[in-house]
Amino acid sequence: MSEENNLLGVGSRVKHPAYGDGVIIGLDVAAYQVVFMTYGKKLVGKEYGDWEVIENIPAENDISFTEAEKSLLRILKTYNATNETVALGDKWDDGILILKPGDEQLKSKEMPIDTFFHKIVMVRDRLRVMEQRINSSKLSDEEKVNLQQYITRIYGSLTSFNVLFKYKEDHFKGEKK
């Protein structure tokens, strides 16, 4: 793919062996900017050849796709098809989570806070996908509302972890009574 006319263009659809289905949203000097349905935006080298090209749209050098990229990302975020980058609060950088059992004879468990934080964010992302799937399902409105109430309660239980987030808009929000 090193020849100019073999480049994939913006809008080309691909299937990556690790990341799954994706759409090319931009071209950098040495890499494609690809949004994958499960893993969000990733850079993939232009020389990468292990993916399946589902639809090849030839690259055009004379068009700027900045607005198209922004629109596509907005659409993907609306339907929870992309994972956003969520920042860990600065005070937790290089921190360690220590779980110490009450029984002194048992060993403590340590984990980098950023690893724990990533797992919490993945729980949130999966809850969002579940919400979207519930809303687009063939369930009755009553069943959808009941399931949404469970999800809202789960978010409420997760508010304890809001202390880890750098920005308030990333916080979990539960039921408001």
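Output the residue which, of all residues in segment 136-153 that are surrounded by 13 or more Cβ atoms within 10 Å (Cβ to Cβ) and closer than 23 Å to residue 37 by Cβ, is nearest to the chain's Cα centre (by Cα). That would be 151.
Quick one: is residue 2 among the hydroxyl-bearing types (Ser, Thr, Tyr), at pLDDT below 85 and either farther than 26 Å from residue 136 by Cα or assigned to a strand (DSSP E or B) (or both)?
Answer is yes for this residue.
Look at residue 134 and say whether it is modelled with pLDDT under 90, outside any loop (DSSP other than H, G, I, E, B) and touching a Lys or Arg at 6+ places or on another chain (Cβ under 7 Å). In short, yes. Give just the number: which of (1) within 18 Å of residue 89 (Cβ to Cβ); (2) surrounded by 10 or more Cβ atoms within 10 Å (Cβ to Cβ); (3) touching a residue at least 40 places away in the same chain (Cβ under 8 Å); (4) not β-branched (Val, Ile, Thr) does residue 132 not satisfy? The single condition residue 132 does not satisfy is (1). For segment 49-81, give me the residue count where each residue is at pLDDT 80 or above and either surrounded by 13 or more Cβ atoms within 10 Å (Cβ to Cβ) or part of a strand (DSSP E or B) (or both). Number of matching residues: 8.
The values are calculated or read from the model by the stated rules, or taken from the named source; none is laboratory data. Computed from a predicted model, the values in this text were never measured in an experiment. Note that each Cβ is placed from the backbone with ideal geometry, even for glycine, and that neighbours are counted across all protein chains shown.
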